[in-house]
Amino acid sequence: MLFSSDEVSQYITDNFEPAWESVRPVPLVTIDFGNGHKITRTLNGNVATHVCAADGTLLDVLPGVYTAEEYKRQLEQFVLLHRYAQLPGPAHARLKVYHEQQAALLAKQKAPASLVEVRGGPSILGIETTVQLVASGRSNRGVDRAASAAPPAPPAEKIAGWKELAEDTRINESLRRRLIHEKLAATGKVQPKDITKWLYKEVLKADLDDPHLGLGELLNRQYPFAAEDAATKKK
């Protein structure tokens, strides 16, 4: 839904130096029906989009998947965030205030502030512009703001997936983003690798150190030999 969108892909190409990193092998599950027929599917994957400065400093994170429209809007904010971090003065202090303010607004179920480009006076290089963080003019409830960004409903046969994507977007832009803002406000200057395990475990609920990715209880609930297998592994 995201990278298959030509508009989103082109925006990324024009404004970022994109890089992809896999944080663990892709888990696969195979079901053998016993009659020579098998199916194999990927299992419980997730994704996060990080925006970094040139030195690798993490500026912000988008957790999970979004509707294409809202994802592009967030990327536009990331472009301005990068410029905001480069304004005169200590970048780490400015980013700390940014994350603290966003977290506080989301905790009150208010829309986060928006970064906007502001035209200033003339200079020898032309008209100067700067970036400011201002109160959002959108809905004052994060859940309503994200839900309103959902695209028009697709054909009936795809409506279930569309509703799930819109709901993921709503949760991403309320609860999950708040957790990320709180974390980055507290940790200060970090790189993506410094919070990867925390992000996947606490925000995306996909513990990278869990070999079953949280599905152990489900997989073993009705398996009659679970106790014997566990005892064998301890030997």
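The values are calculated or read from the model by the stated rules, or taken from the named source; none is laboratory data. None of these values were measured; they are calculated from a predicted model. Glycine also receives a Cβ, built like all others from the backbone with ideal geometry; neighbour counts cover every protein chain displayed.
Just to verify a result, which residue in segment 91-129, among those that are at pLDDT below 90 and in a loop (DSSP other than H, G, I, E, B), is farthest from Asp60 (Cα to Cα)?
Here the answer is Ile124.
Looking at (1) at positive phi; (2) modelled with pLDDT under 80, which one does Lys235 not meet, given that it meets all the others?
(1)
Looking at Ala53, is it touching a strand residue (DSSP E or B) at 6+ places or on another chain (Cβ under 9 Å), over 21 Å from Glu167 (Cα atoms) and not acidic (Asp, Glu)?
yes
Please work out which residue is surrounded by the fewest Cβ atoms within 10 Å (Cβ to Cβ), limiting yourself to segment 48-89 and to residues that are assigned to a helix (DSSP H, G or I) and hydroxyl-bearing (Ser, Thr, Tyr).
Top of the filtered list is Tyr84.
How many residues are outside any helix (DSSP H, G or I), within 14 Å of the chain's Cα centre (by Cα) and basic (Lys, Arg) if we restrict to segment 180-205?
Residues flagged as outside any helix (DSSP H, G or I), within 14 Å of the chain's Cα centre (by Cα) and basic (Lys, Arg) within segment 180-205 amount to 1.
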